[in-house]
Amino acid sequence: MPTLVSHPDEVKVVSRRFGLGAEAIDKYIELDGYKAVQKAIEQGPEWIVNEMKASGLRGRGGAGFPTGMKWSFVPKVSEKPKYVLVNGDESEPGTCKDHVIFLHDPHAVIEGTMIAGLAIGAKMGFIYLRGEYRYLLKIVEKAVADAYAKGILGKNIFGKEGVDFDIITQTGAGAYEVGEESALMESLEGKRGVPRIKPPFPAVVGLYGGPTVINNAETIANAPHILLMGGEAYAKLGSERNGGTRLFGISGHVERPGVYELPMGYSLRKAIYEVAGGIKDGKQLKAVVPGGSSCPVLKADEIDVGLDFDQMGKAGTMLGSGGIVVLDETVSIVEFALRTIRFYQHESCGWCIPCREGTDWLKKTLTRFHAGGGNKKDIDNIQYLAENMMGRTFCPLGDAAAMPTLGFIKKFRSEFEEYLAGARVEHPLIQIQPVGEPELAGAH
């Protein structure tokens, strides 16, 4: 299990119960648990949505869409049942922050799901966990069972006549693709996890054809804290248009890797050099992937930027899912690019041609290039392939593969050219079979 870390610059909101035993329902209640949902029942849906809008909370799964606005899109009247779906399919390489929420504070996810349900008029929620998180499923299922036992879930919750809410847990089958919201709904309905064509959007036609709100686990876990402290107070913790705090998983070549809760807009440089203790073993920083593997890389001289959606966008990258991967001077960008595209090629659902064929050709070209069979034209071809994937796929997976690839080529083109000239890294990140030899089974 991960060791909890801390730093004086942290502002603990969603992580304030971590390490205090809040996975047990009695301790969670002792630490102000389930007070927010009771307040939400008393105040009503409009108040909930207004507080969420005032908070400036934006989706913590990567897209950064305003949460309160998303909830307001759900029609007030519907012939079909409405649903809340918690996306806990945390599969973006470099990202590990939802993991610690489920581990240390599962009841916050349950309470947040109930609050979202009250806001849109839903009586059922689903918590969908990453398939590899089987051990976390036991924790979440126990938390759900304990909530039922105390009358917090089920019929007439908190003794309120006619106020009902149920929660079902589910795990995926190890597919990165189902992190996309429509593929997640397909999976939950028992079908193959491939994306749906939009429109219609989930807020109108979602799970089982009913209006559905889908939010990342961290987004949902923030809701109880927002309602207790007030939307405006939460907003002030962050930067303009980026309210509150965020869990950042800092990994790679740093002295103190871990998950830290920092205010939105916090300096990336400080996050690396102060919060995470700087580059490991006194080496030099080479590059940073600022928000999970799908985000374009930043060079060492580009890290004076704030960790929020808008500032990252202006810097030509994304805040993504909060996974900050730090690379030191020993890393070969050629190998790192290959490692990245191997993942996306393996995880492509294959439904649309630009992604299925594009990721495959990128992988083949980079594999040959890395193994010593490349030529200078390959560098242009890699860029050409990635550019022609952008914006041409049914879901963002194609873009997620293309964006980092373009970043590697544009910012480290000279390294690719030097690689052709014979420059090789001494300690490779991955082992690649020589040209002409088949890949080993299970190499992905």
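The values are calculated or read from the model by the stated rules, or taken from the named source; none is laboratory data. The shown structure was predicted, so the numbers you read here are calculated from the model rather than taken from an experiment. Every residue, glycine among them, receives a Cβ derived from its backbone with ideal geometry; neighbour counts consider all protein chains shown. Protein only, heavy atoms only, side chains kept; ligands, DNA and RNA dropped before computing areas. Shrake-Rupley method; radii C 1.70, N 1.55, O 1.52, S 1.80 Å.
Would you look at the GNM of the chain, springs on alpha carbons closer than 10 Å, and say which of GLU132, GLU92, GLU161 moves the most?
GLU161
Testing the spin-label approximation: label points 7 Å from Cα along Cα→Cβ at LYS80 and TYR208. State their distance in nm.
1.0
Using a 7 Å offset from the Cα along the Cα-to-Cβ direction at both LYS27 and SER6, what is the distance between the two label points in nm, to one decimal?
Reported label-point gap for LYS27 and SER6 is 1.4 nm.
Quick one: plug the Kirkwood hydrodynamic radius of the stretch 245-328 (C-alpha pairs) into Stokes-Einstein at 10 °C, 1.306 mPa s, and report D in µm²/s.
For these conditions, the coefficient is 131 µm²/s.
Tell me the label-point distance for the pair ALA149, GLN43, using the 7 Å Cα-to-Cβ offset, in nm and rounded to one decimal.
3.1
Given springs between every Cα pair under 10 Å in a Gaussian network model of the chain, which of GLY243, GLY159, GLY210 has the largest fluctuation?
Per the Cα network of the chain with a 10 Å cutoff, GLY159 tops the list.
Over the chain, give the accessible area per residue in Å² for a 1.4 Å probe, as an integer.
Result: 41 Å² per residue.
Carbon and sulfur together cover what percent of the accessible area of the stretch 333-420 at a 1.4 Å probe radius?
Looking at the stretch 333-420 in its full context, I get 52 percent from C and S.
Principal axis extents for the stretch 172-220, Cα atoms only, whole Å, descending order, please.
Answer, in whole Å and largest first: 28, 25, 16 Å.
Under 24 Å from the Cα of LYS270, which lysines turn up, not counting those fewer than eight places away in the same chain?
LYS12, LYS97, LYS236, LYS280, LYS283, LYS286, LYS299, LYS314, LYS411
Can you give the % of DSSP beta bridges in the chain that are antiparallel, to the nearest 5?
Details: 17 of 38 bridges.
Percentage antiparallel, nearest 5: 45.
Out of all Cα-Cα pairs in the chain, roughly what percent, to the nearest whole number, are more than 37 Å apart?
For the chain, the share of Cα pairs beyond 37 Å comes to 25 percent.
If Rh is defined by the Kirkwood formula over all Cα pairs and Rg also comes from Cα, what ratio Rg/Rh do you get for the stretch 58-183? Don't jump to the answer; show the numbers that get you there.
Numbers: Rg = 14.8 Å, Rh = 15.4 Å.
Ratio value, two decimals: 0.96.
Leaving ligands, DNA and RNA out of it, report the carbon-plus-sulfur percent of the accessible area of the stretch 157-293 at a 1.4 Å probe.
Values: 2540 of 4930 Å².
About 51 percent, which is the carbon plus sulfur part of the accessible surface.
How are the alpha carbon pair distances in the stretch 25-237 distributed across 5 Å bins from zero to the largest one, expressed in percent?
It works out to 1, 8, 16, 21, 22, 18, 11, 3, 0, 0, in whole percents.
Going Cα to Cα from LYS160, which lysines come in below 16 Å? Please leave out same-chain ones fewer than 8 positions away.
Partners found: LYS35, LYS39, LYS123, LYS150.
How long is the gain from ASN156 to ASP301 if the chain were fully straight, where each residue apart is worth 0.36 nm and the alpha carbon distance is subtracted?
So the extension gain works out to 46.5 nm.
Let's test the formula: R0 of 41 Å, r as the Cβ-Cβ distance of ARG134 and GLU232. What FRET efficiency results, to the nearest 0.05?
Calculated transfer efficiency: 0.55.
Comparing SER414, SER182, SER72, which has the greatest mean-square fluctuation in the GNM of the chain with Cα pairs linked when under 10 Å apart?
Top of the fluctuation ranking is SER414.
Hey, if you put +1 on the Cβ of every Lys and Arg and -1 on every Asp and Glu Cβ in the stretch 25-237, which of THR169, VAL204, GLN38 ends up farthest toward the positive end of that dipole?
Towards the positive end, the residue furthest out is VAL204.
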